[in-house]
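> Quick one: the structure is below, questions incoming.
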Amino acid sequence: MEKELLYHPIFITLLIMLSFMLLVCLIRAVKGPRVADRLMAVNMMGTMVMVMISVLALLLNEGYLVDICLIYAMISFLAVVVLSKVYIGIYEERQHNLKNKEGGDTDERS
């Protein structure tokens, strides 16, 4: 019981720090100059949310939160994969359109 009282302020401080870092990653995800920066920020946000859920599981002594954390990890991974696939498709489509514009109208007539 005494151990739990010692760790309580540490967990609260950790949650506050993670919340601040989550806000910084959200700003990077919105402002990021490149798509890679945005994807990395979204991935990092997912990881930090998983750590926050794990800390809450320890703080509240609730085992089911670890299961929620694992489910969130799978969803976060799939979200990053889907976003990467979408952005790769958009990039390839832009490159294809640029090649068609550079090649002129000869491809369209034949």
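The values are calculated or read from the model by the stated rules, or taken from the named source; none is laboratory data. This one's a predicted model, so the numbers in the text were calculated from it and none came from an experiment. Cβ placement follows ideal geometry from the backbone for every residue including glycine, while neighbour counts extend to all protein chains displayed.
> Given the condition among the acidic types (Asp, Glu) and more than 21 Å from residue 85 (Cβ to Cβ), answer yes or no: does some residue in the range 1-23 qualify?
Yes, some residue in the range 1-23 is among the acidic types (Asp, Glu) and more than 21 Å from residue 85 (Cβ to Cβ).
> What number of residues within the range 64-89 are farther than 12 Å from residue 39 by Cα and modelled with pLDDT under 90?
1
> For the chain, please list each of the helices (runs of 4 or more DSSP H) lying entirely inside it that holds at least 1 residues being of a type outside the set (Phe, Trp, Tyr), in contact (Cβ under 8 Å) with a residue 12 or more places away in the chain and in contact with a helix residue (DSSP H, G or I) (Cβ under 7 Å, 6 or more places away or on another chain).
2-31, 35-60, 64-103
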